[in-house]
Each structure stands twice: as structure tokens, then as C-alpha cells.
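The values are calculated or read from the model by the stated rules, or taken from the named source; none is laboratory data. On a predicted model such as this, the values are computed, not experimentally measured, just so you know. All Cβ positions, glycine included, derive from the backbone under ideal geometry; neighbour counts span all protein chains shown.
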Amino acid sequence: MKEHKSVGRMWHLYKMGGITPAIASMLGAQNAQQMAFIRSMSKEQRKESILSQPLLDLEVVVFDLETTGFYPYNGDEILSIGAVTLKGDRLQDNRSFYSLVNPKRKVPKHITELTGITNDMVADAPDLMQALHDFMEFVGKRMLIAHASGHDKQFLNAALWRTSKVNLTHRVLDTMMVAKWLEPKREGYGLDELLQDSGIEITQRHHALEDSYMTAKLWLHYLKRITARNIFTLDDLYAYLSKH
């Protein structure tokens, strides 16, 4: 009976354009459903337009990844994903996400020293497909925010393509780019120095969830300065950022 229901779900997903029968057969029921969910979310995200929404009403997810290195197309993997949610200028403390990820490879010693993540810690962690599915389910249709987002976007895109053959379609706002616009004469834009100069307590760096919380507080600090300049929508903000 259970097998019959799984086949029925697979056929429904196939009819909805989520997966092909060959992929479903290859992946198995659970992974095929996770792939279909991620593909469906990517497709739906393209329809969303949040540019005209007031920044003070916007729901966003601030996230961070820890990885085994810098090159997702050359063997490096995601080790952990952390995220917190904001509604306008309010941090939603009761809505956060954190997951370790089994990289299916050894964690380099220098990465363990940096992040505290050991081989034993990730041995029984969710695989990439499961962790990515759970993260994307947490994100929903919200916009993403990250600091120095190029690294995180590259790894997310690689993971989405490898697991589900889709690219990241969510908007990603980079707090580093915002800092460069607000403070163009700074010598550096690393997270530590921006947190320190903004009066934000540095808790535990290179922990995906803690970095997400600190980046969220940095965004809220910048949001006050942005709205003080009579910039009230995401469209307005992008217009200013594009000039710098």
C-alpha cells in the first residue's frame, strides 16, 4: 500500500512538471519529491515582484553558509546552513534555521579550526539534498540577505543545480554592497570591522547561525540609515546601489 501511494505521488509530480519518471525511478520517492519541491519553488519565485514593497514591510531571510573551501565546482562542499527571518525592522527571534550538512568528504583541518565543525559532527548530518530542501522550505518566497554574498550564491547555485537542475531565482541583497554605498571611503568591508564600527556585539564568528544573526543586526542598523535618506522601497535602494 505504501509503495502504491509513492508511485501515485511520483505520477502527480511528473504531471505537474516537477520530475520525469526516469529521474523518479533513479532517485527514489523521497529525493524525487524533494527535487520536485525545489524545482517548483524556483519556478514560482520568478513570478514574484517585491521591488515596490516598502522596506519596512519586507520579509527577508538573512543567511550564511560554512563550506569546506572556496570552490564548489572543484570539490568543495557546504558544511552548514544558518538563517534568521526579519519582518521590516524587526528580528524574529523565534524563527531561525540551522543545519549541518554531510559533505561526503573529509573536513579540512583548517576548516575545523575555523568553524569548529568536525568530521564526527557531520557524519550523521543530513545530506545536501535534504538540507537544501529544508532550507528552501524555510526561505519560502522571501528575499535573501547575506554579507559578501558572492561566495554563498555560488555554493547555493552549485548545490541547486547538482540536486535539482535549477538556479537560484531569489533576490539576494549584499550587506557589503550596502556598506560600500553608505560608507564609500572605508578601507575595508569585512564583517568583523563593520560589526564593531556599528556597535554590534560579535558573538561566535564562522558559525552559520551566529553569523546570520550578526548580519541581520547589521542590516537593521543600515536600514535606519537607508530610510533616513528617504529611500523606502527595494526598487529605490537598488537604484542607488547601481550607481556605486
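Beta carbons closer than 7 Å, at least 6 apart along the sequence or on distinct chains, pair a first residue in segment 187-208 that is under 22 Å from Tyr98 (Cα atoms) with a second that is among the polar types (S, T, N, Q) and exposed (fewer than 15 other Cβ atoms within 10 Å of the Cβ) for Ile202/Gln196. If you go through segment 106-116 one residue at a time, do you hit one that is under 22 Å from Thr175 (Cβ atoms) and touching a Leu at 6+ places or on another chain (Cβ under 8 Å)? Yes; the residues of segment 106-116 include at least one that is under 22 Å from Thr175 (Cβ atoms) and touching a Leu at 6+ places or on another chain (Cβ under 8 Å).
Which residues, counting only those in segment 48-88, are in a strand (DSSP E or B) and in contact with a Lys or Arg (Cβ under 6 Å, 6 or more places away or on another chain)?
Taking segment 48-88 first, the residues in a strand (DSSP E or B) are 54, 59-67, 78-87.
Scanning segment 48-88 gives Glu59, Val60, Val61, Thr85.
So for segment 234-243 (the condition being in the same structural domain as Tyr98 (by TED's automatic domain parsing), acidic (Asp, Glu) and surrounded by 17 or more Cβ atoms within 10 Å (Cβ to Cβ)), does at least one residue qualify? Checked segment 234-243: at least one residue is in the same structural domain as Tyr98 (by TED's automatic domain parsing), acidic (Asp, Glu) and surrounded by 17 or more Cβ atoms within 10 Å (Cβ to Cβ). For segment 61-95, the set of residues classified as touching a helix residue (DSSP H, G or I) at 6+ places or on another chain (Cβ under 9 Å) and small (Gly, Ala, Ser) consists of Gly69, Ser80, Gly82, Ala83, Gly88, listed by residue number.
In segment 156-244, counting only helices (runs of 4 or more DSSP H) that sit wholly within it, none holds 3 or more residues that are more than 17 Å from the chain's Cα centre (by Cα) and small (Gly, Ala, Ser).
Might you let me know whether segment 91-105 holds any residue that is free of Cβ contacts under 8 Å to residues at least 60 places away in the same chain, in the same structural domain as Ala208 (by TED's automatic domain parsing) and in a helix (DSSP H, G or I)? Taking every residue of segment 91-105 in turn, none turns out to be free of Cβ contacts under 8 Å to residues at least 60 places away in the same chain, in the same structural domain as Ala208 (by TED's automatic domain parsing) and in a helix (DSSP H, G or I).
Go through segment 49-71 residue by residue and tally those that are in contact (Cβ under 8 Å) with a residue 12 or more places away in the chain and within 30 Å of Gly116 (Cα to Cα). Give the steps one after another, and end with the answer.
Here is the first cut: in segment 49-71, the ones in contact (Cβ under 8 Å) with a residue 12 or more places away in the chain are 50-70.
Pick out the ones that are also within 30 Å of Gly116 (Cα to Cα) and you get 60-70.
So the answer is 11.
Residues that are closer than 25 Å to Ile226 by Cα and among the aliphatic types (A, V, I, L, M) do occur in segment 148-168.
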